[in-house]
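What follows is a set of notes on a single structure, which appears directly below.
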(Lines give C-alpha, C1' and ligand atoms only; values in the text may rest on other atoms or scores of the structure.)
Protein backbone atom coordinates (compact mmCIF):
# COMPACT_ATOMS: atom_id res chain seq x y z
CA UNK A 1 0.00 0.00 0.00
CA UNK A 2 2.99 2.32 0.52
CA UNK A 3 3.83 1.96 -3.16
CA UNK A 4 0.23 2.84 -4.02
CA UNK A 5 0.47 6.00 -1.93
CA UNK A 6 3.80 6.95 -3.48
CA UNK A 7 2.55 6.47 -7.03
CA UNK A 8 -0.69 8.31 -6.28
CA UNK A 9 1.31 11.32 -5.05
CA UNK A 10 3.60 11.13 -8.08
CA UNK A 11 0.60 11.01 -10.41
CA UNK A 12 -1.01 13.94 -8.63
CA UNK A 13 2.21 15.95 -8.92
CA UNK A 14 2.46 15.38 -12.69
CA UNK A 15 -1.22 16.09 -13.39
CA UNK A 16 -1.11 19.09 -11.05
CA UNK A 17 1.68 20.60 -13.15
CA UNK A 18 -0.39 20.02 -16.30
CA UNK A 19 -3.41 21.69 -14.71
CA UNK A 20 -1.30 24.64 -13.60
CA UNK A 21 -0.06 25.02 -17.17
CA UNK A 22 -3.65 25.00 -18.43
CA UNK A 23 -4.58 27.61 -15.83
CA UNK A 24 -1.76 29.88 -17.04
CA UNK A 25 -2.95 29.39 -20.62
CA UNK A 26 -6.54 30.31 -19.79
CA UNK A 27 -5.29 33.54 -18.21
CA UNK A 28 -4.19 34.50 -21.72
CA UNK A 29 -6.96 33.13 -23.92
CA UNK A 30 -9.85 33.42 -21.40
CA UNK A 31 -11.08 29.92 -22.23
CA UNK A 32 -11.10 27.59 -19.22
CA UNK A 33 -12.73 24.84 -21.28
CA UNK A 34 -9.30 23.55 -22.31
CA UNK A 35 -9.09 21.91 -18.87
CA UNK A 36 -11.52 19.26 -20.16
CA UNK A 37 -8.90 18.09 -22.66
CA UNK A 38 -6.27 17.70 -19.93
CA UNK A 39 -8.80 15.85 -17.77
CA UNK A 40 -9.49 13.49 -20.67
CA UNK A 41 -5.82 12.55 -21.14
CA UNK A 42 -4.85 12.62 -17.44
CA UNK A 43 -5.59 8.91 -16.97
CA UNK A 44 -3.31 8.02 -19.84
CA UNK A 45 -0.62 10.19 -18.24
CA UNK A 46 -1.09 8.34 -14.95
CA UNK A 47 -0.90 4.97 -16.70
CA UNK A 48 2.42 5.90 -18.30
CA UNK A 49 3.74 7.09 -14.91
CA UNK A 50 2.67 3.87 -13.21
CA UNK A 51 4.01 1.47 -15.82
CA UNK A 52 7.60 2.52 -15.02
CA UNK A 53 7.18 1.58 -11.36
CA UNK A 54 5.07 -1.59 -11.53
CA UNK A 55 6.18 -5.18 -12.13
CA UNK A 56 3.06 -6.82 -13.50
CA UNK A 57 2.81 -9.22 -16.43
CA UNK A 58 4.07 -7.23 -19.44
CA UNK A 59 1.40 -8.44 -21.85
CA UNK A 60 -1.29 -7.25 -19.46
CA UNK A 61 0.48 -3.91 -19.04
CA UNK A 62 0.65 -3.37 -22.80
CA UNK A 63 -3.01 -4.27 -23.29
CA UNK A 64 -4.18 -1.98 -20.48
CA UNK A 65 -1.93 0.87 -21.63
CA UNK A 66 -3.19 0.53 -25.21
CA UNK A 67 -6.86 0.52 -24.17
CA UNK A 68 -6.50 3.43 -21.73
CA UNK A 69 -4.55 5.42 -24.34
CA UNK A 70 -7.19 4.74 -27.02
CA UNK A 71 -9.96 5.84 -24.65
CA UNK A 72 -8.18 9.02 -23.52
CA UNK A 73 -6.84 10.07 -26.92
CA UNK A 74 -10.19 9.60 -28.66
CA UNK A 75 -11.96 11.75 -26.09
CA UNK A 76 -9.15 14.31 -25.90
CA UNK A 77 -9.00 14.73 -29.70
CA UNK A 78 -12.79 14.95 -29.89
CA UNK A 79 -12.87 17.72 -27.26
CA UNK A 80 -10.00 19.56 -28.94
CA UNK A 81 -11.68 19.53 -32.35
CA UNK A 82 -15.07 20.43 -30.87
CA UNK A 83 -13.74 23.41 -28.91
CA UNK A 84 -11.10 24.71 -31.33
CA UNK A 85 -11.85 28.33 -32.19
CA UNK A 86 -15.10 28.29 -30.22
CA UNK A 87 -16.24 30.46 -27.34
CA UNK A 88 -15.71 29.29 -23.77
CA UNK A 89 -18.00 26.50 -22.59
CA UNK A 90 -21.16 27.78 -20.89
CA UNK A 91 -20.20 26.01 -17.63
CA UNK A 92 -17.03 28.03 -17.19
CA UNK A 93 -18.58 31.29 -18.36
CA UNK A 94 -21.21 30.85 -15.67
CA UNK A 95 -18.56 30.12 -13.03
CA UNK A 96 -16.69 33.29 -13.97
CA UNK A 97 -19.88 35.30 -13.47
CA UNK A 98 -20.58 33.69 -10.09
CA UNK A 99 -17.01 34.09 -8.82
CA UNK A 100 -16.51 37.63 -10.08
CA UNK A 101 -13.17 39.15 -9.03
CA UNK A 102 -12.08 35.81 -7.54
CA UNK A 103 -12.63 33.90 -10.78
CA UNK A 104 -8.98 33.24 -11.66
CA UNK A 105 -8.05 32.19 -8.13
CA UNK A 106 -11.06 29.88 -7.88
CA UNK A 107 -10.39 28.42 -11.32
CA UNK A 108 -6.88 27.47 -10.18
CA UNK A 109 -8.33 25.73 -7.13
CA UNK A 110 -10.94 24.06 -9.33
CA UNK A 111 -8.30 22.83 -11.78
CA UNK A 112 -6.13 21.46 -8.99
CA UNK A 113 -9.13 19.75 -7.45
CA UNK A 114 -9.61 18.02 -10.78
CA UNK A 115 -5.94 16.97 -10.63
CA UNK A 116 -6.30 15.28 -7.25
CA UNK A 117 -9.60 13.70 -8.35
CA UNK A 118 -8.00 12.32 -11.54
CA UNK A 119 -5.07 10.92 -9.55
CA UNK A 120 -7.41 9.31 -7.02
CA UNK A 121 -9.54 7.73 -9.75
CA UNK A 122 -6.42 6.36 -11.47
CA UNK A 123 -5.25 4.39 -8.41
CA UNK A 124 -6.83 1.09 -9.60
CA UNK A 125 -4.49 1.27 -12.60
CA UNK A 126 -1.60 0.77 -10.17
CA UNK A 127 -3.05 -2.52 -8.96
CA UNK A 128 -3.96 -3.65 -12.48
CA UNK A 129 -0.52 -2.87 -13.92
CA UNK A 130 1.15 -4.56 -10.95
CA UNK A 131 -0.80 -7.82 -11.38
CA UNK A 132 1.87 -10.57 -11.90
CA UNK A 133 -0.54 -13.31 -12.98
CA UNK A 134 0.30 -14.84 -16.35
CA UNK A 135 -3.33 -15.87 -16.84
CA UNK A 136 -6.25 -13.64 -17.73
CA UNK A 137 -9.34 -14.30 -15.63
CA UNK A 138 -12.86 -14.32 -17.07
CA UNK A 139 -13.59 -11.12 -15.14
CA UNK A 140 -10.61 -9.43 -16.78
CA UNK A 141 -11.69 -10.50 -20.25
CA UNK A 142 -15.16 -9.08 -19.60
CA UNK A 143 -13.48 -5.86 -18.46
CA UNK A 144 -11.44 -5.61 -21.67
CA UNK A 145 -14.59 -6.21 -23.70
CA UNK A 146 -16.47 -3.49 -21.82
CA UNK A 147 -13.70 -0.96 -22.44
CA UNK A 148 -13.83 -1.67 -26.17
CA UNK A 149 -17.63 -1.37 -26.17
CA UNK A 150 -17.37 1.89 -24.22
CA UNK A 151 -14.80 3.43 -26.56
CA UNK A 152 -16.82 2.49 -29.64
CA UNK A 153 -20.15 3.48 -28.07
CA UNK A 154 -18.94 6.87 -26.87
CA UNK A 155 -17.35 7.52 -30.25
CA UNK A 156 -20.59 6.70 -32.05
CA UNK A 157 -22.64 8.88 -29.68
CA UNK A 158 -20.31 11.85 -30.14
CA UNK A 159 -20.31 11.39 -33.92
CA UNK A 160 -24.11 11.16 -34.11
CA UNK A 161 -24.52 14.34 -32.06
CA UNK A 162 -21.92 16.14 -34.16
CA UNK A 163 -23.64 15.15 -37.41
CA UNK A 164 -27.04 16.10 -36.04
CA UNK A 165 -25.80 19.58 -35.12
CA UNK A 166 -24.51 20.10 -38.65
CA UNK A 167 -27.86 19.48 -40.31
CA UNK A 168 -30.43 20.40 -37.64
CA UNK A 169 -31.81 23.72 -36.52
CA UNK A 170 -30.46 25.12 -33.25
CA UNK A 171 -33.75 24.60 -31.44
CA UNK A 172 -33.87 20.92 -32.34
CA UNK A 173 -33.23 17.92 -30.09
CA UNK A 174 -30.93 15.10 -31.08
CA UNK A 175 -32.95 11.91 -30.72
CA UNK A 176 -31.33 9.81 -33.45
CA UNK A 177 -29.26 6.67 -33.10
CA UNK A 178 -28.09 6.07 -29.55
CA UNK A 179 -29.73 9.35 -28.50
CA UNK A 180 -33.08 7.70 -29.20
CA UNK A 181 -32.46 5.38 -26.27
CA UNK A 182 -30.61 7.65 -23.85
CA UNK A 183 -30.51 11.42 -23.38
CA UNK A 184 -26.81 11.12 -22.52
CA UNK A 185 -25.32 8.00 -24.17
CA UNK A 186 -21.87 9.62 -24.28
CA UNK A 187 -21.82 9.94 -20.49
CA UNK A 188 -23.12 6.41 -20.08
CA UNK A 189 -20.29 4.92 -22.13
CA UNK A 190 -17.81 7.12 -20.29
CA UNK A 191 -19.08 5.63 -17.03
CA UNK A 192 -18.90 2.13 -18.50
CA UNK A 193 -15.12 2.48 -18.74
CA UNK A 194 -14.97 2.83 -14.96
CA UNK A 195 -17.06 -0.28 -14.50
CA UNK A 196 -14.54 -2.06 -16.71
CA UNK A 197 -11.58 -0.72 -14.70
CA UNK A 198 -13.22 -2.04 -11.53
CA UNK A 199 -13.54 -5.47 -13.15
CA UNK A 200 -9.89 -5.43 -14.25
CA UNK A 201 -8.79 -4.62 -10.71
CA UNK A 202 -11.09 -7.12 -9.01
CA UNK A 203 -8.79 -10.21 -9.31
CA UNK A 204 -5.95 -8.30 -7.57
CA UNK A 205 -5.47 -7.90 -3.82
CA UNK A 206 -7.31 -4.77 -2.65
CA UNK A 207 -8.82 -4.51 -6.12
CA UNK A 208 -12.36 -4.59 -4.72
CA UNK A 209 -11.69 -1.14 -3.22
CA UNK A 210 -11.81 0.29 -6.75
CA UNK A 211 -15.61 0.04 -6.64
CA UNK A 212 -15.40 3.68 -5.55
CA UNK A 213 -14.50 4.63 -9.16
CA UNK A 214 -17.78 3.70 -10.91
CA UNK A 215 -19.73 4.95 -7.88
CA UNK A 216 -18.00 8.36 -7.84
CA UNK A 217 -18.18 8.75 -11.61
CA UNK A 218 -21.90 7.89 -11.58
CA UNK A 219 -22.38 10.66 -9.03
CA UNK A 220 -20.19 13.18 -10.88
CA UNK A 221 -21.73 12.50 -14.29
CA UNK A 222 -25.34 12.50 -13.09
CA UNK A 223 -25.42 14.97 -10.20
CA UNK A 224 -22.46 17.34 -10.45
CA UNK A 225 -21.46 17.99 -14.08
CA UNK A 226 -22.60 16.15 -17.20
CA UNK A 227 -26.28 15.29 -17.00
CA UNK A 228 -27.32 17.89 -14.41
CA UNK A 229 -25.83 20.93 -16.11
CA UNK A 230 -26.78 19.79 -19.62
CA UNK A 231 -30.38 19.07 -18.62
CA UNK A 232 -30.77 22.48 -16.97
CA UNK A 233 -29.38 24.21 -20.06
CA UNK A 234 -31.52 22.19 -22.49
CA UNK A 235 -34.76 22.79 -20.58
CA UNK A 236 -33.94 26.50 -20.50
CA UNK A 237 -33.16 26.73 -24.22
CA UNK A 238 -35.47 24.04 -25.70
CA UNK A 239 -38.38 24.29 -23.29
CA UNK A 240 -41.38 21.98 -23.72
CA UNK A 241 -39.71 19.98 -26.51
CA UNK A 242 -36.94 18.86 -24.22
CA UNK A 243 -39.31 18.19 -21.34
CA UNK A 244 -41.22 15.78 -23.59
CA UNK A 245 -37.88 14.23 -24.56
CA UNK A 246 -37.13 13.79 -20.84
CA UNK A 247 -40.48 12.05 -20.31
CA UNK A 248 -39.99 9.66 -23.22
CA UNK A 249 -36.28 8.81 -23.07
CA UNK A 250 -34.03 7.25 -20.43
CA UNK A 251 -31.72 9.76 -18.80
CA UNK A 252 -28.54 7.67 -18.63
CA UNK A 253 -28.69 3.94 -19.32
CA UNK A 254 -29.86 3.30 -22.91
CA UNK A 255 -33.35 1.81 -22.92
CA UNK A 256 -36.48 1.61 -25.03
CA UNK A 257 -38.65 4.71 -25.28
CA UNK A 258 -41.52 5.04 -22.87
CA UNK A 259 -43.67 6.64 -25.57
CA UNK A 260 -43.27 8.05 -29.05
CA UNK A 261 -41.69 11.49 -28.87
CA UNK A 262 -41.59 12.18 -32.60
CA UNK A 263 -45.33 11.92 -32.99
CA UNK A 264 -45.80 14.72 -30.46
CA UNK A 265 -43.28 17.26 -31.79
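The values are calculated or read from the model by the stated rules, or taken from the named source; none is laboratory data. Note that the structure is predicted; figures quoted are calculated from it, not measured. Virtual Cβ from ideal backbone geometry, glycine too; neighbours counted across all protein chains shown.
Checking every residue in region 167-188 against the condition of being more than 23 Å from residue 239 (Cα to Cα), assigned by TED's automatic domain parsing to the domain that holds residue 218 and in a helix (DSSP H, G or I) gives at least one match. Here is the figure for region 91-109: residues that are within 24 Å of residue 232 (Cα to Cα) and either more than 19 Å from the chain's Cα centre (by Cα) or surrounded by fewer than 17 Cβ atoms within 10 Å (Cβ to Cβ) (or both) total 12.
Take the residues in region 1-21 that are closer than 13 Å to residue 113 by Cβ and touching a helix residue (DSSP H, G or I) at 6+ places or on another chain (Cβ under 6 Å), then tell me which one is surrounded by the most Cβ atoms within 10 Å (Cβ to Cβ). In this case the residue turns out to be 15.
Within region 167-174, is there a residue that is in contact (Cβ under 8 Å) with a residue 24 or more places away in the chain and buried (at least 17 other Cβ atoms within 10 Å of the Cβ)? Looking for residues that are in contact (Cβ under 8 Å) with a residue 24 or more places away in the chain and buried (at least 17 other Cβ atoms within 10 Å of the Cβ), one finds at least one in region 167-174, hence yes. Among what's in region 72-90 and is under 16 Å from the mean Cα position of the chain (by Cα) and surrounded by fewer than 15 Cβ atoms within 10 Å (Cβ to Cβ), pick the residue that is farthest from residue 150 (Cα to Cα). Looking at residues that are under 16 Å from the mean Cα position of the chain (by Cα) and surrounded by fewer than 15 Cβ atoms within 10 Å (Cβ to Cβ), I get 80.
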